[in-house]
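Novice: Quick one: this structure, given as structure tokens, is what I'll be asking you about.
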Amino acid sequence: MKLAIGAWAAGMLLLGCLAGAQSTPNRVTVQMETADGRDGGKATLISEKNDVKVDVDLKNLNPGVHAIHVHQFPRCDTPDFKTAGPLLNPGGKQHGIDNPQGHHAGDMPVNLNVGDDGMVKKTFTTKDISLDPKAPNSVFANGGTSLMIHDAADDMKTDPSGNAGGRESCGIINIKNAQGKPPGFRMPGGKATPSNH
Ligand SMILES: [Cu+2]
Ligand SMILES: [Zn+2]
């Protein structure tokens, strides 16, 4: 009897690892850098049941209102971050959550209010991106994407980028920085473990 339970547990462990290797990561951490090379803080994208939760904890920004977008390429080269390319747009749409012709997958539904200390913390959700590496709107598609903070606010309607101005802070969204099993997955013993194996 003891032996049978042991074999069952070993089987479940193996199944868990196999499932983990092929599953959608449930979160990815994004390290931000400002255009003048300072630590820009961090963002985390978390896969939820029907959307992706974006949790930002940023610093060294200019006070004021700033657009936040997902851009197409996993490149954040200072000083202008142009190598990040345009907004993530697998659907071939125009820019703007409020644009009738829109919108890009990389358009986020909020602007960020940065305080006088250059910092901002905010959590919001979007249905327009996915952490599933196989999804057409995946943040990991074609080697990854980037999270971009602009100098100005996004007006949510002007193509191609909401009149958001220059690029102030950037972070690469890369599957190498992803971890975790699908929501609800637990290794035997009850502890969630990273899938970096
Ligand atoms: Cu942008
Ligand atoms: Zn857009």
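The values are calculated or read from the model by the stated rules, or taken from the named source; none is laboratory data. Since the model is a prediction, treat every value here as computed from it, not as a measurement. Note: ideal-geometry Cβ built from the backbone for every residue, glycine included; neighbour counts use all protein chains shown.
Novice: What is the number of the single condition among (1) free of Cβ contacts under 8 Å to residues at least 12 places away in the same chain; (2) within 16 Å of ligand 1 (Cβ to nearest atom) that P100 does not meet?
Specialist: Of (1) free of Cβ contacts under 8 Å to residues at least 12 places away in the same chain; (2) within 16 Å of ligand 1 (Cβ to nearest atom), only one is false for P100: (2).
Novice: Specify which of the listed residues (D107, D55) is within 16 Å of ligand 2 (Cβ to nearest atom) and charged (D, E, K, R). Please lay out each step first, then the result.
Specialist: Values: D55 fails: within 16 Å of ligand 2 (Cβ to nearest atom).
Answer to the check: D107.
Novice: Still on this structure, I have one more. Kindly indicate whether I129 is crowded, with 20+ Cβ neighbours inside 10 Å and closer than 21 Å to T24 by Cβ.
Specialist: Values: crowded, with 20+ Cβ neighbours inside 10 Å: yes; closer than 21 Å to T24 by Cβ: yes.
Yes: the conditions hold for I129.
Novice: Going by what's in this entry, would T44 be described as polar (S, T, N, Q) and modelled with pLDDT under 95? Break it down into steps so the answer makes sense when it comes.
Specialist: Values: polar (S, T, N, Q): yes; modelled with pLDDT under 95: no.
Considered against the rule, which asks whether it is polar (S, T, N, Q) and modelled with pLDDT under 95, T44 comes out as no.
Novice: Are any residues in the range 101-116 surrounded by fewer than 16 Cβ atoms within 10 Å (Cβ to Cβ) and outside any loop (DSSP other than H, G, I, E, B), and if so, which ones?
Specialist: Applying the first criterion (surrounded by fewer than 16 Cβ atoms within 10 Å (Cβ to Cβ)) to the range 101-116 yields 101, 113, 115-116.
If the condition is that a residue be surrounded by fewer than 16 Cβ atoms within 10 Å (Cβ to Cβ) and outside any loop (DSSP other than H, G, I, E, B), then N113 is the only one that fits.
Novice: Considering only the range 76-96, how many residues are touching a residue at least 60 places away in the same chain (Cβ under 8 Å), hydrophobic (A, V, I, L, M, F, W, C) and assigned to a loop (DSSP other than H, G, I, E, B)?
Specialist: Of the residues in the range 76-96, 2 are touching a residue at least 60 places away in the same chain (Cβ under 8 Å), hydrophobic (A, V, I, L, M, F, W, C) and assigned to a loop (DSSP other than H, G, I, E, B).
Novice: From the list R75, R38, which one is of a type in the set (K, R) and within 16 Å of ligand 1 (Cβ to nearest atom)? So that I can check it myself, show each step before the final result.
Specialist: On the way: R38 fails: within 16 Å of ligand 1 (Cβ to nearest atom).
So the residue among R75, R38 that is of a type in the set (K, R) and within 16 Å of ligand 1 (Cβ to nearest atom) is R75.
Novice: Can I ask one more? Name the single residue that is farthest from the chain's Cα centre (by Cα) among those in the range 177-197 being part of a loop (DSSP other than H, G, I, E, B) and at pLDDT 50 or above.
Specialist: To start, the set of residues in the range 177-197 that are part of a loop (DSSP other than H, G, I, E, B) comprises 180-197.
Applying the additional criterion that residues be at pLDDT 50 or above yields 180-181.
Numbers: G180: 14, K181: 16 Å.
Going through the qualifying residues, I end up with K181.
Novice: Okay, next question. Are there any strands (runs of 3 or more DSSP E) wholly within the range 117-176 with 1 or more residues that are in contact (Cβ under 8 Å) with a residue 40 or more places away in the chain, in contact with a Lys or Arg (Cβ under 8 Å, 6 or more places away or on another chain) and within 13 Å of P86 (Cα to Cα), and if so which?
Specialist: Details: elements: 120-126, 145-150, 167-173.
Filter on the range 117-176 gives 145-150, 167-173.
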